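Each remark here refers to the structure printed beneath this line.
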Amino acid sequence: MTMPLHEISIPQELVDDIIDHVARIASPWRIPDLIACSLSSRSLRSRTLRYLFCCLDTGTPRFQRIGQWRRFAAIVSQSPHIATSYTSLILRHALDFFPHYGSGFSATLKCIFSSLINITHLTVVGPTAGLMKYSIPKYLSSMPITSVTMDRTRFDTLLNFRDFFGDGLRGVDSLTLASVSVGPSSAVERGSDPPSHTIREIRLSYVDASILEAIVDGHLGRLDLHALSYKGITYPSMFPKLLFSCISFRELTLVVESWSARIPPLPCCLPHLELLHLDIVNLEWLSSSIVAGHIGGSLQTLALSVTDQAFRSTAIIAILARFNEVMIDNLGQFPRLKEVGVECEEYYRSSSEPLIRHYLKALPVKWTILARDSDSELYVLTGCSSLSVFY
């Protein structure tokens, strides 16, 4: 006898696994499947809403007009469960195009942002004048934000940059800044109290030197870094001080385009370092740091980026030869080293692969060549045994 459908009981855990599977394979044309799930049964709705309303992006067309903000505020007021489903918030310069609408629009913003109580990741793209004008940072303080990403973001002053974190982002432990800049006259008042939270992960890419100085001086929070990534044109003068303030690194990325032989080696020992990612031209710095005894012990993976256009030049070959010599002479410092990974652009793969093979073949570790094709997708070359971790 067939049991009626409404009497069939499926464990909620199994229902959740089914929705998770649908979400994993969902592409833009499969979104209707998730919508259908949310409308078919209450047991499917709560889990489905986590995927349908997981990210709120203010850069979409729906937020380009003031009426759309008010309509969205009405939706979250009538259906608060929708607002609580959002875990990621992307603020894209939409507010910069609006004049100040007064208390009415401020109330709309308060209704929206105060209802987003489960946001854990914040992304800010573009200028921040509108965010500061409408006092958005104060609404962020009620959100459990742990991770912040800023991309092509500009602050009028360094004080505004510090206050953006001090006012609303006191729980952040992971920070990513890409092409972030500040205006002139950016002195920070030393008398103001810095945030008391601890930052454990920082990724910096082409940021102003004043921002790096503010981070080192603790204006964004206390530093206890386990992962640090810095990519820039020149070696930052504040970098040694940053390393001295946090020696418990597990992962360190240092990619500097313009390298000088006068740059001193690593100023301190990093006894817990497990993954080190450098540009190929930075190997001279690494060799000096190895000779000084500041790198080794716990290092497991060495990842190299090949970006230099003159890779076959005499200078680069000399750097590789020197690195090979230092590694062989000091291999005893690396009892846990398991893999050397190389990431190179497709354009340089043909020339770099035999050169890398020649200078790293003496190392008794696995090595991986990771190529990047014209569509900026990464793939492992045939014959490589495993994939290294790259930023």
#### Entry: Scope the stretch 9-45; condition of a type outside the set (A, V, I, L, M, F, W, C) and touching a residue at least 24 places away in the same chain (Cβ under 8 Å); matching residues
12, 16, 20, 43
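Please go through the stretch 182-201 and pick out each residue that is among the aliphatic types (A, V, I, L, M) and either part of a loop (DSSP other than H, G, I, E, B) or at pLDDT 90 or above (or both).
Scanning the stretch 182-201 gives 187, 188.
For the stretch 138-147, indicate whether the set of residues that are open to solvent by 50 Å² or more (accessible area, probe 1.4 Å), among the hydrophobic types (A, V, I, L, M, F, W, C) and modelled with pLDDT under 90 is non-empty.
Here is the first cut: in the stretch 138-147, the residues open to solvent by 50 Å² or more (accessible area, probe 1.4 Å) are 138, 141-142, 144, 146.
Within this subset, residues satisfying the condition of being among the hydrophobic types (A, V, I, L, M, F, W, C) are none.
Scanning the stretch 138-147 turns up no residue that is open to solvent by 50 Å² or more (accessible area, probe 1.4 Å), among the hydrophobic types (A, V, I, L, M, F, W, C) and modelled with pLDDT under 90.
Residue by residue through the stretch 40-77, note down the ones that are polar (S, T, N, Q), closer than 27 Å to residue 20 by Cα and open to solvent by 30 Å² or more (accessible area, probe 1.4 Å). Spell out how you get there, then give the answer.
Narrowing the stretch 40-77 to residues polar (S, T, N, Q): 40-41, 43, 46, 48, 58, 60, 64, 68, 77.
This time we only want the ones that are closer than 27 Å to residue 20 by Cα, so: 40-41, 43, 46, 48, 58, 60.
Across the stretch 40-77, the qualifying residues are 40, 41, 43, 46, 60.
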### Query
When the residues of the stretch 232-250 are filtered to those that are open to solvent by 60 Å² or more (accessible area, probe 1.4 Å) and not in a helix (DSSP H, G or I), which remaining residue is modelled with the highest pLDDT?
250
#### Entry: helices (runs of 4 or more DSSP H) within the stretch 108-181 that include 2 or more residues over 27 Å from residue 75 (Cα atoms) and hydrophobic (A, V, I, L, M, F, W, C)
158-168
### Task
Select from the stretch 263-282 the residues that are at pLDDT 85 or above and among the aliphatic types (A, V, I, L, M) and write down the one among them that is surrounded by the fewest Cβ atoms within 10 Å (Cβ to Cβ).
278
### Message
Looking only at residues that are among the small types (Gly, Ala, Ser) and modelled with pLDDT under 90 in the stretch 84-101, which one is surrounded by the most Cβ atoms within 10 Å (Cβ to Cβ)?
### Response
94
### Task
Identify all residues within the stretch 56-79 that are modelled with pLDDT of 85 or more and in contact with a Phe, Trp or Tyr (Cβ under 7 Å, 6 or more places away or on another chain); write none if there are none.
56, 69
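The values are calculated or read from the model by the stated rules, or taken from the named source; none is laboratory data. From a predicted model like this one, the values you see are computed outputs, not experimental measurements. We place every Cβ from the backbone using ideal geometry, glycine too, and count neighbours over all the protein chains shown. Remember, those area values only see protein heavy atoms, side chains included, never the ligands or the DNA or RNA. Shrake-Rupley method; radii C 1.70, N 1.55, O 1.52, S 1.80 Å.
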